[in-house]
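The values are calculated or read from the model by the stated rules, or taken from the named source; none is laboratory data. Remember, predicted model here, so these are calculated numbers, not experimental data. Here the Cβ positions follow ideal geometry from the backbone for every residue, glycine too, while neighbour counts run over all protein chains shown. Note: areas computed on protein heavy atoms with side chains; ligands, DNA, RNA excluded. Shrake-Rupley method; radii C 1.70, N 1.55, O 1.52, S 1.80 Å.
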Amino acid sequence: MISTADVIASLRARDIENIGHGPLYRRLQTAIKAVIDDGILKVDDALPSERDLANELGISRVTVRNSMRALVEEGVLVQRHGAGTFVAPRVEQALSRLTSFTEDMITRGMNPGAVWIEKTLGHASPEEAMALNLSPGTEVTRLRRLRTANEKPMALEYAVVPRAFLPSPEEVEKSLYDALAKYGKKPERALQRLRAELFDGETAKILGVPDGSAALYIERRSFLANGTPVEFTRSYYRGDSYDFIAEMQVDAR
Ligand code: GLP
């Protein structure tokens, strides 16, 4: 069970005044959700009291109350009479194993490969900083690769990792996760967003498919056990070659 001080520290680290958009209560709402998404506050964990949040964060109790109410309406938090406010059980339970491209291809009996397009050090863009919970401009390692299976192009993948976890892009030979594992920084959890897209001309050419072919866009933010983001990766998989399988189970509760 996480302590009140740790929750407050995690919220402070998210710079409530500058996260998200709109009035302060909306920003606090976004910050609380980020702390939950990053696995710092878990299902059934209690939130600090309205008074503690207001005092410690230097904002009014009305603002805190409005954020909490909005999160209860969204189903992110539940209020239990006389006991307080808790993180609600999640509807989407991620049951899949967190695996790398290399592991995925080996499991399918294929030989994973990569053609390097970019291997550089740079500074986090605002979008990357937000995804990785860094201050804009923090040093990051950038890896852009064409991923292949049995020499056939499968995906174009663009990974960004804080330099603090991967000092040099040269550390990555075949697998990013193997390189992170060497530093004890292999991700333990990830949030993944998938959507259908169409390949534009340049990406289609790299993957060897006609312009406008179906693509599966996958965005992964992965985290260390303590909830620190370690990877922000945007991938375009060939829609004609990649199936995404999700295992599901009825909630045992
Ligand atoms: C998958 C994920 C990426 C991750 C990669 C690591 O492709 N979509 O987010 O970076 O696996 O794979 P590897 O360790 O083979 O480089």
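Summary table below
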{"read-out": "Charge context of Asp6, other residues only, Cβ under 14 angstrom, K/R +1, D/E -1", "value": "-1"}
{"read-out": "Most mobile of Ala70, Ala114, Ala131 in a GNM of the chain (Cα contacts under 10 Å)", "value": "Ala70"}
{"read-out": "Protection-proxy order for peptides 50-60, 195-205, each taking the mean of Cβ atoms within 10 Å per residue, highest first", "value": "50-60, 195-205"}
{"read-out": "Solvent exposure of segment 127-253 as accessible area per residue, Å², 1.4 Å probe", "value": "52 Å²"}
{"read-out": "Highest to lowest packing among 97-106, 230-239, 77-86, 141-150, scored as the average C-beta count within 10 Å", "value": "230-239, 141-150, 97-106, 77-86"}
{"read-out": "Accessible area per residue, Å², segment 19-63 with all protein chains present, probe 1.4 Å", "value": "46 Å²"}
{"read-out": "Cβ charges +1 (Lys, Arg) and -1 (Asp, Glu), total dipole of the chain, debye", "value": "320 debye"}
{"read-out": "Sum of side-chain charges, Arg147 neighbourhood, beta-carbon under 12 Å (Lys, Arg +1; Asp, Glu -1)", "value": "+2"}
{"read-out": "Under 18 Å, Cα to Cα: Lys pairs in the chain, sequence gap 8 or more or different chains", "value": "7"}
{"read-out": "Kirkwood-type radius of the chain, with distances r between different C-alpha atoms, in Å", "value": "20.1 Å"}
{"read-out": "Fraction of accessible area attributable to carbon and sulfur, the chain (%, probe 1.4 Å)", "value": "50 percent"}
{"read-out": "Cubic angstrom per residue, convex hull over Cα atoms of segment 1-127", "value": "157 Å³"}
{"read-out": "Dimensionless Rg ratio for segment 79-207, taking C-alpha atoms and the 2.2 N^0.38 Å reference", "value": "1.29"}
{"read-out": "Size of charge dipole - segment 132-253 - debye, nearest 20, with Cβ of Lys, Arg +1 and Asp, Glu -1, no other charges", "value": "300 debye"}
{"read-out": "Under 14 Å, Cβ to Cβ, from Glu197 - net charge with Lys/Arg +1 and Asp/Glu -1", "value": "-1"}
